[in-house]
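Just so you know, all these numbers are worked out from the coordinates, no wet-lab data involved. What you see is a predicted model; the values in this text were computed from it and never measured. Heads up, the Cβs are rebuilt from the backbone with ideal geometry, glycines too, and the neighbour counts pull from every protein chain shown.
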Amino acid sequence: MKLLEKKFTKLISHTRSISVKVPEIRIYEVGPRDGLQNEAKFVPTEIKVELIHRLADAGIKDIESASFVSPKWVKQMSDGLDVMKTIKRTPGVNYPVLMPNIKGYEIAKKCNIEEIAIFPAGSEGFSQKNLNCSVAEGLKRFKDVADVAIKDGVRVRGYVSCVVGCPYDGPISPKTIAKITEELLSMGCYEISLGDTIGVGTAGSVQKLMREVLTVTTPDKLALHFHDTYGQGLSNLLAGLEFGVRTVDSSISGLGGCPYARGASGNLATEDLVYFLYGLGVNTDIDLLKLVEAGRFISNFLAKPPESRVNRALGDKFKDNRAIVDTAACNV
Ligand code: HMG
Ligand code: MG
């Protein structure tokens, strides 16, 4: 980010007029997991590992690196153990992994895990499709996982998916999401990530959701996980930040989606998020240029252009960093 500091000076003074004051934001990168799980082409272990290394090198401090789900359900994630055993861990970087049951936990324990993520659904329809069980049964299984993990000294993060809408059940009541959030907190989750799995939320629906969820907890226990299907990711994020949430999930290059959520598309892109935060005067200590390179690396492998608009804008003229200067100039 230091490189950008000088070059974006003009741009910052321009965009800082936005009224929200955001002191510090924690970026929780989900690209190696959420970003890749929906990709049809199998991404070899060494590519996943290289992506994780590049993200850490760009300054990302939380990288959800793998999932330990049934390989029969999500083949793309079937090499989680190899990935976790192969990565060279950067000190100070958190490498959480996601799992649906005790079986996943037992496998994940074969590598050095410090944090796990569990993921009940906010709707019956999605729970059945994604976990092959009801919401209540899912919560029971996740409690078993959380109990063992916490006993082992492993941090547990909870997701609630379909917090705004479900591809099978339609709109979801914020009260339902607040109740599941409360339940996850009572299991000992240190943080709950509110997942708009299919990206149907708008700033208006996010406001309603936040008002309800904040009747059961405080913003420091929450994270925002927005898929960007309708291009509402950043405005939804701004709506959430206004309620005091300071952890944001995003995915390199805007990759992402869930194989069991019809219509789910990529997450809010990490490059777009960093650019956005920089405009608000938030120093994330992330090197945007390295992030763009990481996004290009994985997009090239997948043989598709980055979903991230910032990546596209900066990446094409990347060689001599001229684009940074150009972008700043265009905005003042
Ligand atoms: P099931 O078929 O009911 O489970 O699936 P099962 O217990 O009958 O197991 C089926 C087979 O899988 C068995 O193998 C198990 O041993 C094996 P077999 O005996 O037939 O050879 N198995 C496992 N193997 C490795 N690791 C495991 C594991 N579990 C079972 N952990 C199950 C139920 C929950 C397992 C399945 O539905 C599943 O794996 N679901 C996960 C789906 C998934 O990964 N979805 C994407 C993540 S969620 C998401 O992206 C949303 C999020 O980003 C938030 C948001 O966007 O809102 C988090
Ligand atoms: Mg997701």
Among 295, 216, 84, whose Cα projects farthest towards the positive end of the dipole of region 24-327, with charges put on the beta-carbon of Lys, Arg (+1) and Asp, Glu (-1)?
84
If you rank 29, 242 by fewest surrounding Cβ atoms within 10 Å, what's the result?
242, 29
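Mind ordering 271-279, 204-212 by average Cβ neighbours within 10 Å, highest first? Walk me through the intermediate numbers first.
Details: 271-279: 23.9, 204-212: 18.8.
In descending order of packing, they fall as 271-279, 204-212.
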On a 0 to 90° scale, report how tilted helix 270-279 is relative to the longest principal axis of the chain, with both axes built from alpha carbons and the result rounded to the nearest 10.
50 degrees
Angle check, please: helix 322-331 long axis (alpha carbons) against the longest principal axis of the chain (alpha carbons), in degrees 0 to 90, nearest 10.
90 degrees
Convex hull of Cα atoms in region 159-291, direction-averaged projection (nm²):
7.9 nm²
Using only the alpha carbon atoms of region 144-198, find the Kirkwood hydrodynamic radius as the inverse mean reciprocal pair distance, in angstroms to one decimal.
11.9 Å
Could you sort out which of 61/304; 48/75; 61/143; 85/304; 61/88; 103/151 sit more than 20 Å apart by Cα distance in this structure?
61/304; 61/143; 85/304
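Based solely on its DSSP helices, what 222 nm [θ] is calculated for the chain when runs of n ≥ 4 H residues each add -39,500 (n - 2.57) and the sum is averaged over all residues, nearest 500 deg cm²/dmol?
Numbers: 14 runs with 140 residues, N = 332.
Per the formula, -12500 deg cm²/dmol.
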Based only on the alpha carbon positions, what is the Kirkwood hydrodynamic radius of region 59-214, in angstrom?
16.1 Å
In whole Å and largest first, what semi-axes does the C-alpha gyration tensor of the chain yield when each eigenvalue is scaled by 5 and square-rooted?
30, 23, 18
If each of residue 89 and residue 132 carries a label point 7 Å out from its Cα toward its Cβ, how far apart are those two points in nm?
3.1 nm
Could you give the dipole magnitude of the chain about its Cα centre, charging the beta-carbon of Lys and Arg +1 and that of Asp and Glu -1, in debye to the nearest 20?
300 debye
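Counting other beta carbons within 10 Å of each residue's own, what order do 123, 70 fall into, fewest first?
Working: 123 27, 70 15.
Taking fewest neighbouring Cβ atoms as first place, the list is 70, 123.
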Work from the charge dipole of the chain (Cβ charges, +1 for Lys and Arg, -1 for Asp and Glu, about the Cα centre) and give the residue of 161, 101, 234 farthest towards its positive end.
234
